[in-house]
Structure formats: C-alpha cells, structure tokens
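Working notes, structure below.
Throughout, read-outs are computed from the coordinates displayed, never taken from laboratory work. Since this is a predicted model, take the numbers as computed values, not measurements. Virtual Cβ from ideal backbone geometry, glycine too; neighbours counted across all protein chains shown.
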Amino acid sequence: MGAGPMDAAAVLLAPGAGSSSTHHTLVALEEALAPRPCVRIDFPYRLAGRPFPDRAPVLVAAVVDAVGALCASHGLEPSQVLLGGRSMGGRMCSMAVAEGLPAAGLVLVSYPLHPPKRPEQLRTAHFGAIGVPCLFVSGTRDGFATPDELTAATAAIPGPVTHRWIDGGRHELDRDDDAVVAAVTGWLADRDPTT
C-alpha cells in the first residue's frame with residue numbers, strides 16, 4: 001500500500017483557473033501545514049500572463065514538473081508529497097495521480113465535478129485510476145458539485161475517500177479558510193496513528 005497522507009513530507013498546492021499561487025486559501029493551507037515544505041505553483045498560462053488555462057495535458061505536465069523540482073530540492077520521492085489545491089488546480093493534481101504520478105494523498109478543495117448548471121458534463125473519467133487517499137472539501141452550495149453529486153461520483157475512486165462539507169459554502173469558499181484548514185489538518189491527524 002505504501003505511504004499515506006500522514007507520511008507527507010512536503011505539499012504541493014495548485015490554484016483554480018481564475019486565481020494564482022497567492023490565493024488566500026492556498027496561503028492559509030501552507031501556513032497550517034508547516035513545517036512541511038510547501039510549494040504553491042502557478043500554471044504556464046498564468047506565468048505567461050494569459051487569461052485562459054492551457055489544455056489539460058499542459059497543466060498536468062506542470063504539476064508533474066513541479067513535483068519533480070520539489071522532490072529534487074528536498075531529497076524526497078513523489079510518494080512523500082501531498083498534492084492538491086483549489087478547483088481546477090486540484091483536478092489537475094488528481095489527473096496527474098491517475099496518470100501515474102505517485103503521491104501521499106490528494107486534498108481537493110471545491111472540486112469542479114462539472115461546469116455550473118451542466119451536470120451532464122462530468123469531469124470524472126480518471127477517478128477509477130486514483131488509488132491514493134483523497135480528501136474532498138466542498139461547500140454545500142457549490143454550483144460545480146452538490147454533495148449528492150460528489151458523493152456519488154467519488155464512489156468510483158478505489159482509494160480511501162473522505163468528504164468534509166462546509167455548510168452554506170459556495171464554490172469560492174471566500175470566507176471559509178479556517179474551515180478548510182480545519183478539515184485538512186483534521187484529516188491528516190485522523191490518519192496519523194502516532195497522534
């Protein structure tokens with residue numbers, strides 16, 4: 001089975017499509033997960049000053065490259081890195097893992113299961129290839145995934161899945177950093193047999 005999220009020696013966090021590595025939720029998570037090294041990445045389109053995301057293969061490759069750089073700089077293996085982020089960033093991390101990138105686990109905040117008001121356009125084709133522990137943190141009023149939709153869809157993930165719901169939260173979770181941080185740190189503590 002290998003390492004789990006409690007063994008995470010480092011963290012990589014990716015932002016949603018409309019934000020950057022300085023997003024307040026990612027910063028709050030970095031602070032809460034210290035002293036683990038944490039890298040908050042920007043995707044190539046953002047670094048180039050373009051407003052619209054690259055195609056998924058480019059975004060996934062950026063995640064893989066960033067994990068490689070993080071591991072090289074800290075003497076780690078990819079299986080020791082906890083991956084995730086907000087919305088699109090978390091989805092790209094989950095796709096990288098499904099395509100074979102080892103990870104200690106996935107933290108997926110506001111996972112965009114489908115575009116708003118288009119529940120038939122599911123972004124779940126890769127779920128069956130995710131074998132690592134996953135934490136989904138979502139608001140109960142998220143237009144990209146209702147609790148029922150997300151619970152049903154994540155049943156396809158072979159690895160252990162945990163859901164944490166933020167009551168009344170929308171996709172942005174703008175005022176919910178404390179709740180997101182509590183969900184993530186609580187999940188890691190629950191999985192750590194030494195605490």
Could you check which residue among A48, A179, A103 shows the biggest mean-square fluctuation in a GNM of the chain with a 10 Å Cα cutoff? A48
Label-to-label distance, nm, for residues given as A189 and A125 (7 Å Cα→Cβ offset): 4.1
How far apart, in nanometres, would the label points at T151 and D167 be if each is projected 7 angstrom from Cα along the Cα-to-Cβ direction? 1.6
Taking K and R as +1 and D and E as -1, what net charge do the other residues with C-beta under 11 Å from the C-beta of P116 add up to? +2
Of all trypsin sites (Lys or Arg not before Pro) in region 32-86, which ones are in loop regions per DSSP and have a Cβ with at most 14 other Cβ atoms within 10 Å? R55
Counting only DSSP beta bridges with both residues in the chain, tell me the antiparallel percent, nearest 5. 0
In debye, nearest 20: dipole of the chain around its Cα centre with unit charges on the Cβ of K, R (+) and D, E (-)? 460
Gyration tensor on Cα atoms of region 80-170, a ≥ b ≥ c root eigenvalues, a/c under 1.5 rounded, else prolate if a/b beats b/c, else oblate, says prolate
Compare the Cα positions of P158, G16, A32 along the charge dipole of region 5-190 (+1 at Cβ of Lys, Arg; -1 at Cβ of Asp, Glu; about the Cα centre) and return the one farthest towards the positive end. G16
Lys and Arg at +1, Asp and Glu at -1: add these up for the other residues within a Cβ distance under 13 Å of T151 and post the number. -2
Among E120, E149, E31, determine the one that fluctuates most according to a GNM of the chain built with springs between C-alpha atoms less than 10 Å apart. E120
Classified through the alpha carbon gyration tensor (a ≥ b ≥ c as square roots of its eigenvalues; rounded if a/c is under 1.5, else prolate when a/b is larger than b/c, else oblate), the chain comes out rounded
For C134, enumerate residues with amide H under 5 Å from its amide H, sequence gap 5+ or separate chain, H modeled in the peptide plane. L106, V161, T162
How large is ³J(HN,Hα), in whole Hz, for each residue of region 40-48 in order, when computed from phi with the Karplus curve 6.51 cos²θ - 1.76 cosθ + 1.60 and θ = phi - 60°, using x for Gly and Pro? 9, 9, 10, 7, x, 5, 5, 5, 8
Explain nothing, just the number: relative contact order of region 37-195, from Cα pairs under 8 Å at least 6 residues apart, as a whole percent. 16
If amide hydrogens are placed 1.01 Å from N in the peptide plane, which non-local residues have theirs closer than 5 Å to the one on I166? S138, G139, T140
What residues of region 109-142 lie in the reach of a label at V58, counting those whose backbone N is under 19 Å from a point 7 Å from the Cα along Cα→Cβ? none
Net charge over other residues, Cβ less than 15 angstrom from the Cβ of L101 (K, R count +1; D, E count -1): -2
